[in-house]
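First comes the structure, then the notes that go with it.
The values are calculated or read from the model by the stated rules, or taken from the named source; none is laboratory data. Please read these numbers as outputs of a predicted model, since none were measured by experiment. Cβ placement follows ideal geometry from the backbone for every residue including glycine, while neighbour counts extend to all protein chains displayed. Please note that ligands, DNA and RNA were not included when accessible areas were found on the heavy atoms of the full protein model with its side chains. Shrake-Rupley method; radii C 1.70, N 1.55, O 1.52, S 1.80 Å.
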Amino acid sequence: MDWREKLFGRALVKCDSPGTQSGQFENVPTLEALGDCVEEGEGAVCGIYFSFANISDTSDDFGVRLEEVYKKVQPRLRVVQVVLWAHVGTPEGPVEREAGFRRSLTGKPWFAVPFHDVDIKRRLTQKYSIAVGVPTLVIRGRAVRDALLSDPAGERFPWPAPPLQDVLRGVQLQGANGCRLFEELPADAVRVFYFAAHWCPPCRTFAPSLCAALTAVRKRRAKYANTQLILVSSDRSEQSYQRTVSSVSAAGALAVPWAAAEARLALPTALGVAGIPALVLTDPSGKVLTANGRQHLAADPIGLNFPWAHRPVSLLTEQSLLKMARHPAVVLFIDDEDAEIEFSESVLTPSAESYYEECSIQYPGFCPYQNSSDDETMDFDYTAPRSRAKKKFFRHVMFYIGIDGSDSADMLREHIGLDDAVPLLTAIDFPKQRMVTMKYGDEITTDSVQNFVDAYLSGNADFKPTKPYTEKC
């Protein structure tokens, strides 16, 4: 599937189409609207403009500035507006909200996600971590609001981030055990950039949990043993800087030196950080794996799914159990050993990737064409009372690895009456109150997992009834 349709679905509304003054928007196929956009490299870029419907242009100076820059950089920029609703205690209902949607878009020289495509809007806010800072513009995965405001002529468009390697080249990172050049870090080390300051109370609260999680991750998974925490301080004095360094010394942190002010100031721009505390994870090449590590750590405090990048197979957590209330899941229960986790990932991943590709799901939890009924907690939007375009009701399947002895795996086993045998492959469908388990003793291979998943999806498996989901599960 094309990346543009994965992001926005099959159709967008044309904001300056004839009839918009009377509230009639023209629907345009996404591939036609964004036909000249490229995901990477040279060509027109797609900017995603997140705005609020109940904030006027007079209050939203950014929207005015964006339109001015847009006209100057044409045709190199295509904008898709995502209209959200600011929770300001107002009692407006769906009718008023749709009217606000139309008012905010009428006459704009770009496209927008349709009013009733609430699921797509929710997915986009989650994908780009749009929790604060609206209105903003996202280009190629990073927010460029500040860059646009500082460049009203668009001379530096599309405002690329400075390469991470260039920012830190030659910088001697300082740690309790000595100094090390950034380019000399182990080739297999995940880089965990922690943006913090001593004057920030949330930072002081967050640091201990971060150190504990990284210690657990290094101990549990051999391939993450060299994970390196890198502190980027926003302190206002060297004394405060030293206190911030001490707060993460338990995790073997290396810090960008106080004297390297240029690097410390450039790193938030390079990694798209707008506030603290922030946690950004990259691979050795500098590619961002996770931009919102702080939220992931809060949901996964021992780092079971570290480094929290989108992937088809995850380890079972309490958050996973909440998703299973709405989605069926294939779960492979195993012993708590690194080699077993690696094996489980190797046999489950081909089936999961094949399934998600067939269902046109960009990653677990993102399904632009069907109503996935995945009621996540990002409450940026209204609930459309009735969609104009009927969607196929669809609950996509999740793929998990259950670690024997973990709270989440033990709660799930107890609830469905599953014994403690490992390895054990099962498919659990709480919405339909049924489950199926591979016969214990059958060899678990890539092929046998695929056959099991095929039988489950086709409905030809030997299903058994299971109890409804409860919060105790």
| task | Using a 1.4 Å probe and ignoring any ligands, DNA or RNA, find the accessible area of M1 and quote it in Å² to the nearest 10. | result | 80
| field | Accessible surface of V347 - all protein chains present, 1.4 Å probe, nearest 10 Å² | value | 10
| note | Yeah, segment 227-283 with a ≥ b ≥ c from its alpha-carbon gyration tensor (a/c under 1.5 is rounded, else prolate when a/b outruns b/c, oblate otherwise) is oblate
| Which order do peptides 438-446, 315-323 fall in by mean Cβ count within 10 Å, highest first? | 315-323, 438-446
| query | Modelled label-to-label distance, R140 and E262, 7 Å Cα→beta-carbon offset: nm? | reply | 2.3
| note | Taking N as the residue count of segment 104-215, its alpha carbon Rg divided by 2.2 N^0.38 Å gives 1.48
| remark: Two pseudo-spin positions, 7 Å from Cα along C-beta at E39 and at N226, lie apart in nanometres by 2.8
| query | Which value, in debye to the nearest 20, gives the size of the charge dipole of segment 246-320 about its Cα centre, when Lys and Arg are +1 and Asp and Glu are -1 at the Cβ? | reply | 100
| said: Between D420 and L181, what is 0.36 nm times their sequence separation minus the Cα-Cα distance? Round to one decimal in nm. | reply: 81.3 nm
| query | When ligands, DNA and RNA are left out and all protein chains stay put, how many square angstrom of accessible area per residue does the chain have with a 1.4 Å probe? | reply | 47
| query | Which aspartates and glutamates, on any chain, are close to K219 with Cα under 14 Å apart, when same-chain ones fewer than 8 places away are left out? | reply | D336, E337, D338
| remark: Taking E357, E155, E340, E42 and ranking on accessible area (1.4 Å, protein atoms only), highest first, one gets E42, E155, E357, E340
| Got a number for the accessible area of C211? Probe 1.4 Å, square angstrom, nearest 10. | 10
| task | Using +1 at the Cβ of each Lys and Arg and -1 at the Cβ of each Asp and Glu in the chain, identify which of L289, I341, P257 lies farthest towards the dipole's positive end. | result | P257
| note | Percent relative contact order for the chain, counting Cα pairs under 8 Å at least six residues apart, stands at 14
| field | Solvent exposure, largest accessible area first (probe 1.4 Å, DNA, RNA and ligands not counted), of S17, S247 | value | S247, S17
| note | Descending accessible area (1.4 Å probe), largest on the left, turns Y400, Y128 into Y128, Y400
| message | Once neighbouring chains are kept in place and the probe is 1.4 Å, which whole percent of the accessible area of segment 117-257 is contributed by carbon and sulfur? | response | 52
| Can you give the charge dipole size of the chain about its Cα centre, rounded to the nearest 20 debye, using +1 on the beta carbon of Lys and Arg and -1 on the beta carbon of Asp and Glu? | 1220
| request: May I ask you to list, by number, the DSSP H helices of the chain whose Cα span along the axis is at least 20 Å and whose average Kyte-Doolittle hydropathy reaches 0.0 or more? | output: 201-220
| request: Mind running the shape call on segment 400-473? Use the C-alpha gyration tensor, a ≥ b ≥ c as the square roots of the eigenvalues: rounded below 1.5 for a/c, prolate if a/b tops b/c, oblate otherwise. | output: oblate
